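To keep things clear, I will list the structure first and then write my remarks on it.
The values are calculated or read from the model by the stated rules, or taken from the named source; none is laboratory data. Nothing here was measured: the structure is a model prediction, and the numbers come from that model. Please note: Cβ atoms are built from the backbone with ideal geometry, for glycine as well, and neighbour counts cover all protein chains shown.
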Amino acid sequence: MNAVDLAQDDVRIGFIGTYGNRVANMILDECDLVISVGARLGLRQIGHIRENFAPKAKLIRVDVDTNEMSRVVKDDEQDYLMDAAEFMNNLLQEDIPQYNEWHDRCHQVKKLLEAYDNVLGNEVIEKISSLLIPNPVVAVDVGQNQCWAAQSLHLKGEQGRILIGGGYGSMGCGLPYAIGASISTHNSLVYCLTGDGGLQMNIQELETVVREKLPIKIIVLNNRALGKISEIQSGSYGHRYAQTTPSSGYTVPDFEKIAKAYGIKAVTLDTYQSLEDYSEWMKDNEPCLINILMPEDTLLIPKIKWETGKITPALSEDLLEKVTQLLEGEL
């Protein structure tokens with residue numbers, strides 16, 4: 001997830017793991033080689049049954065951290081304790097076969113599945129993507145917005161950056177990330193994608209945005225719930241919610257009024273389609289806050305179930321068979 005900005009435009013397939021793109025996880029199950037460069041391959045990526053990770057593949061791992069390399073993912077893996085650039089330069093000197101046929105099959109599957117898992121959150125991110133400037137810098141907070149962005153945020157150009165709250169990032173990191181990114185690039189335009197929960201963690205930093213005259217575009221995906229946690233409380237704990245929904249002790253303020261109180265232009269949208277009316281706000285040299293209202297029960301899919309290791313919701317049998325045949329070269 002932390003490296004979703006390394007592959008953009010047409011070469012991007014998606015990222016793997018619990019909340020990864022379905023196409024990437026299905027390709028992982030069928031491929032015969034995985035080269036992992038600087039990727040942690042933690043439980044979110046490989047699951048708790050490590051034998052199920054890329055079951056048909058040879059694994060090559062590259063890292064500079066001896067502690068990471070001490071954790072075995074596959075018993076027969078090849079490990080290289082070295083700098084990523086050194087490894088990639090060495091790899092490029094090898095006589096590497098052409099994998100055009102495999103590449104084409106993967107992209108056929110991507111096209112076949114591209115609309116299958118699109119829920120409202122993905123549609124919102126895709127709309128936001130269409131309004132970004134070329135080569136943008138986008139800071140992303142923690143929560144459902146983070147996973148939707150990792151799944152569906154596409155950047156124009158090849159020099160953009162997604163500063164995502166994975167690893168050591170915690171809720172509320174989106175706005176501080178954006179502030180740091182803007183100041184470090186001479187007060188340049190930066191986008192901040194956040195949720196209603198994340199924004200409240202560091203909402204006082206709106207004053208920093210105003211004081212430093214930073215053109216940060218804050219886009220709030222506001223479902224008035226701590227969505228990622230409430231989903232788990234719903235699916236794994238029998239709908240027993242605690243401090244995550246309006247009925248269980250969680251509420252949100254009027255973000256539009258708060259932003260205006262700080263001197264930031266702001267608007268609340270009942271539907272993401274109205275974003276088009278504020279396309280100039282997304283490009284000018286002033287800070288703004290766009291509060292997009294979403295249903296409380298907006299879901300994050302697909303998801304790999306921890307108990308079974310299977311992707312939910314399941315594909316229809318016909319579509320699953322077609323995808324499998326494509327990846328196995330039978331179509």
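Side notes on the structure shown:
- Pairs meeting the criteria (first residue in the stretch 83-99 and assigned by TED's automatic domain parsing to the domain that holds D65, second residue in a loop (DSSP other than H, G, I, E, B) and of a type in the set (A, V, I, L, M, F, W, C), beta carbons under 9 Å, at least 6 apart or on different chains) are D83/V64; A84/V64; N90/M82.
- Residue selected from the stretch 252-284 under the condition under 12 Å from K217 (Cα atoms) and among the charged types (D, E, K, R), by the criterion surrounded by the fewest Cβ atoms within 10 Å (Cβ to Cβ): E280
- Scanning the stretch 151-163 for residues that are surrounded by fewer than 24 Cβ atoms within 10 Å (Cβ to Cβ) and either touching a Ser or Thr at 6+ places or on another chain (Cβ under 9 Å) or under 22 Å from T298 (Cα atoms) (or both) turns up S152, H154, L155, K156.
- Selection of the stretch 178-204 for residues being crowded, with 23+ Cβ neighbours inside 10 Å and either among the β-branched types (V, I, T) or within 29 Å of T244 (Cβ to Cβ) (or both) yields A178, V190, Y191, C192, L193, T194, G195, D196, G197, G198, L199.
- Conditions (1) touching a Leu at 6+ places or on another chain (Cβ under 9 Å); (2) surrounded by fewer than 19 Cβ atoms within 10 Å (Cβ to Cβ); (3) within 30 Å of D318 (Cβ to Cβ): number failed by N135: (3)
- Residues located in the stretch 113-150, provided they are more than 19 Å from D297 (Cβ to Cβ) and of a type in the set (D, E): E114, E126, D141
- Residue in the stretch 223-245 that is more than 22 Å from the chain's Cα centre (by Cα) and buried (at least 18 other Cβ atoms within 10 Å of the Cβ) present: yes
- Filtered residues of the stretch 259-281 (kept if touching a strand residue (DSSP E or B) at 6+ places or on another chain (Cβ under 6 Å), touching a residue at least 24 places away in the same chain (Cβ under 8 Å) and in a loop (DSSP other than H, G, I, E, B)): I264, W281
- Residues of the stretch 239-258 that turn out to be in a loop (DSSP other than H, G, I, E, B), in contact (Cβ under 8 Å) with a residue 12 or more places away in the chain and of a type in the set (A, V, I, L, M), as a count: 1
- Residue among G160, G174, G165 that is modelled with pLDDT under 95 and touching a helix residue (DSSP H, G or I) at 6+ places or on another chain (Cβ under 9 Å): G165
- Given (1) charged (D, E, K, R); (2) closer than 22 Å to Y116 by Cβ; (3) without any contact (Cβ under 8 Å) to a residue 60 or more places away in the chain, index of the condition R22 fails: (3)
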